[in-house]
Amino acid sequence: MSSAFEVGADPRHDQGKGASRRLRRAGKVPAILYGGQGEAMSVTLDHQQLLTLIDNERFYSSIINLELDSKGQPAIVRDVQMHPARNAVVHVDLQRVVESEPLKIHLPIHFKGAAQSPGVKLQGGIVHHMIQDIEISCLPASLPEF
């Protein structure tokens, strides 16, 4: 189970709308970490680091090493809520990963050879894909990138 991304996190004890607004003004993002054998835990993440990570498609389908209290906690991203008008992350849902438990995740589908197909190359056709991702269930050690 290898992790491609490192994300620093701090535990948070404040709850509610006002506390979340104060965090966002300070450049932090409220998040929740749940699943596995532990209790659900409220954490804060760095907003600027998240903005650079969410641009990468692999971020959504990889195991992330969450640095929480100087300990590594493997997790996957379940949901990223964005602000409707600004380029800002509002909230993140993370799920703990346990090596022995299979996980269900949506992975993007990468199509190959569309530009070389005779219908597109010779006759000006357009390739249209009906689905962009697929849900799979596997152990974290065998999680494919796409």
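Does V43 meet the test of being hydrophobic (A, V, I, L, M, F, W, C), at pLDDT 90 or above, touching a Pro at 6+ places or on another chain (Cβ under 8 Å) and open to solvent by less than 50 Å² (accessible area, probe 1.4 Å)? It is true that V43 is hydrophobic (A, V, I, L, M, F, W, C), at pLDDT 90 or above, touching a Pro at 6+ places or on another chain (Cβ under 8 Å) and open to solvent by less than 50 Å² (accessible area, probe 1.4 Å). The set of residues from the stretch 135-146 being exposed (fewer than 11 other Cβ atoms within 10 Å of the Cβ), within 16 Å of the chain's Cα centre (by Cα) and outside any loop (DSSP other than H, G, I, E, B) comprises just one member, E135. Scanning the stretch 46-64 for residues that are assigned to a strand (DSSP E or B) and surrounded by 19 or more Cβ atoms within 10 Å (Cβ to Cβ) turns up just one, I64.
Let me confirm something: among P108, P74, which residue is more than 28 Å from R12 (Cα to Cα) and either aliphatic (A, V, I, L, M) or under 15 Å from the mean Cα position of the chain (by Cα) (or both)? Exactly one of P108, P74 is more than 28 Å from R12 (Cα to Cα) and either aliphatic (A, V, I, L, M) or under 15 Å from the mean Cα position of the chain (by Cα) (or both), namely P108.
The set of residues in the stretch 35-58 that are within 14 Å of the chain's Cα centre (by Cα) and closer than 16 Å to V97 by Cβ contains only R58.
Scanning the stretch 99-132 for residues that are open to solvent by less than 90 Å² (accessible area, probe 1.4 Å) and of a type in the set (A, V, I, L, M, F, W, C), we see that the one that is nearest to F59 (Cα to Cα) is L107. Would you pick out the residues in the stretch 6-64 that are among the acidic types (D, E) and farther than 23 Å from H106 by Cα? Result: D10, D14, E39, D46. Those residues that are in contact with a strand residue (DSSP E or B) (Cβ under 6 Å, 6 or more places away or on another chain) and outside any strand (DSSP E or B), I need them from the stretch 65-84; list them, please. Answer for the stretch 65-84, where residues must be in contact with a strand residue (DSSP E or B) (Cβ under 6 Å, 6 or more places away or on another chain) and outside any strand (DSSP E or B): just H83.
Against the condition modelled with pLDDT under 90 and in contact with a helix residue (DSSP H, G or I) (Cβ under 8 Å, 6 or more places away or on another chain), how does A88 come out, does it pass? In short, no.
Would the stretch 24-34 turn up any residue that is over 14 Å from the mean Cα position of the chain (by Cα) and part of a helix (DSSP H, G or I)? Looking through the stretch 24-34, at least one residue is over 14 Å from the mean Cα position of the chain (by Cα) and part of a helix (DSSP H, G or I). In summary, H47 fulfils each of the numbered conditions (1) out of contact with any Gly (no Cβ under 7 Å at 6 or more places or on another chain); (2) of a type outside the set (A, V, I, L, M); (3) without any contact (Cβ under 8 Å) to a residue 60 or more places away in the chain with the single exception of condition (1).
What residue, among those in the stretch 28-38 that are open to solvent by 30 Å² or more (accessible area, probe 1.4 Å) and modelled with pLDDT of 90 or more, is farthest from F146 (Cα to Cα)? Taking the candidates together, the pick is K28.
The values are calculated or read from the model by the stated rules, or taken from the named source; none is laboratory data. Keep in mind it's a predicted model, so treat the numbers as computed, not measured. No Cβ is skipped: glycine too gets one built from the backbone with ideal geometry, and neighbour counts run over all protein chains shown. Please note that ligands, DNA and RNA were not included when accessible areas were found on the heavy atoms of the full protein model with its side chains. Shrake-Rupley method; radii C 1.70, N 1.55, O 1.52, S 1.80 Å.
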